[in-house]
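A short write-up of the structure that comes next.
The values are calculated or read from the model by the stated rules, or taken from the named source; none is laboratory data. The model shown is predicted, which means the values in this text are computed figures rather than measured ones. Using ideal geometry, Cβ is built from the backbone for each residue, glycine included, and neighbour counts are taken over all protein chains shown. Surface areas here come from the heavy atoms of the whole protein model, side chains and all, with no ligands, DNA or RNA. Shrake-Rupley method; radii C 1.70, N 1.55, O 1.52, S 1.80 Å.
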Amino acid sequence: MRKKTVLVLGLAVLAIAAAACAPNATQSALEPKGPYAQKSYDLFVPVFWVAVGIFVIVEGLLLLFAIRYRHRKARTTIPPQIHGNTRLEIAWTILPTLILAGVAVPTIATIWDLASKPTGNVLEVNVLGHQWWWEFDYPDQKIDTANELYIPTGRPVYVTLCAAGFGYGAGPPSEPGPPAPNACQTGPPDSFPPAGIGASVIHSFWVPALAGTQDVVPGMTNHLTLQADEPGTYPGQCKEFCGYAHAEMKFKVVALTPADFEQWVAEQQAGAEAPGQTEAEKGFEVFQSDLPAGGHCTDCHAIDGLETDQGQPILSNGAPNLTHFASRSCFAGCSLANTDENLRRWLENPSAVKYGSFMPDYGLSPEQIDQLIAFLNTLE
Ligand code: CUA
């Protein structure tokens, strides 16, 4: 019995230690890294301690009474039965009301504060929740990227949240149709899929260190403000169950100094350069040719600045824009680091590495995969 206790305690300690070492250790709302996360935290702490105080008093009295007045064998009489005590009843009605009213004042003030649109030098980003990845569209900068949200430090980022994919907004509820019009469609023309991949479902956008969480609801436009004080990478996660790969619908917020951010913007605004090396050139051919299992990469993925051999622009159609794919550190909803090895696994069979992915297995040969990887690596 003692051995078992030691084992359980040991495992618990190990689990806590392992959790502390996890790379996502900063995915915590208890370590705010910006003013908007700080506001939520500053509300959470006093409310938490009020709740702890009430818990200790209530549970303490419960335990005290349970022990003090427990049944004893020697007891032969029933204690006097009391029905009602007007003073006590008034007290325990008024006291909780006062506590809740007290907590409501800072709560409502914080809700209003966080819900208001920031003024001044604000960066606006449209965030589209897809099954199962995030699209980041910068309407003023005309940038469309995926899974990594770049922001400047010290500047509020006002995010407009929309659900992407086939929806129920355009037709009768029983018939899936094109996505309902929403505020995120005002970006560059290729930023919104004319057809859809995946259903338009509820997601929830959450970067715990930088802001609270906000749902992404089909047919609705929601907003959230976030801001980072220091440069760094802040992990984020879809927080609303949205289908098979919900757990792999991750993303990163990369905060750069304002100067570095402006440089990133300039780099992203440039179109892709046509691949120079032969291996990459062959990859670009594969990218636009009939794939072994049917279909084309260009059916779904955009590359700004490049044209097919037929002179057609390569537009987005529900899948991530790949214009600067090689500049991203992760892909597939940030579930995979952007390495040749992971790209190979992905291109062999996407849903084997991210179950439920809408990108099918195209039956690519190992040679085609190598060529595609060489091509993707040129998209810096
Ligand atoms: Cu998107 Cu869960």
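Quick look at the values:
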item: The chain, accessible surface, carbon-and-sulfur percent (1.4 angstrom probe); result: 62 percent
item: Rg/Rh ratio calculated on Cα atoms of the stretch 204-339 (Kirkwood radius); result: 1.01
item: Estimated distance in nm for a label pair at residue 233 and residue 352, the labels positioned 7 Å out from Cα along Cα-to-Cβ; result: 2.6 nm
item: 1.4 Å probe accessible area per residue over the chain, in Å²; result: 55 Å²
item: Rough spin-label spacing in nm, given labels placed 7 Å along Cα→Cβ, for residue 104 and residue 269; result: 5.0 nm
item: Convex hull volume per residue for the stretch 281-380, taking Cα atoms only, in Å³; result: 89 Å³
item: Acute angle (nearest 10 degrees) that the helix 86-115 long axis makes with the longest principal axis of the chain, alpha-carbon atoms; result: 20 degrees
item: Degrees, to the nearest 10: 258-269 long Cα axis against longest axis of the chain; result: 40 degrees
item: Order by protection proxy (mean Cβ within 10 Å, highest first), peptides 84-90, 342-348; result: 342-348, 84-90
item: Over the stretch 252-325, volume per residue of the alpha carbon convex hull, in Å³; result: 122 Å³
item: Percent breakdown of C-alpha pair distances by 20 Å bin, ordered from the shortest bin, for the chain; result: 23, 45, 21, 8, 2
item: Options 265, 209, 9, ranked by Cα towards positive dipole end of the chain, top entry (Cβ charges); result: 9
item: The stretch 40-154: C-alpha gyration tensor shape, a/c 1.5 cut-off, then a/b vs b/c; result: prolate
item: Dipole of the stretch 198-311, positive direction: furthest Cα of 310, 278, 243, with charges on the beta-carbon; result: 243
item: Over the chain, relative contact order from alpha-carbon pairs under 8 Å, at least 6 apart, %; result: 16 percent
item: Global form of the stretch 109-159, assessed from the alpha-carbon gyration tensor, a/c cut-off 1.5; result: oblate
item: Positive-pole candidate from 110, 29, 99, dipole of the stretch 22-126, charges at beta carbon; result: 99
item: Using alpha-carbon coordinates, inclination of helix 2-21 to the longest axis of the chain, degrees; result: 50 degrees
item: Tensor-based shape of the stretch 230-289 (alpha-carbon gyration tensor, a/c under 1.5 rounded, otherwise prolate or oblate); result: oblate
item: Nonlocal Lys pairs with alpha-carbon distance under 29 Å, the chain (8 or more apart, or different chains); result: 22
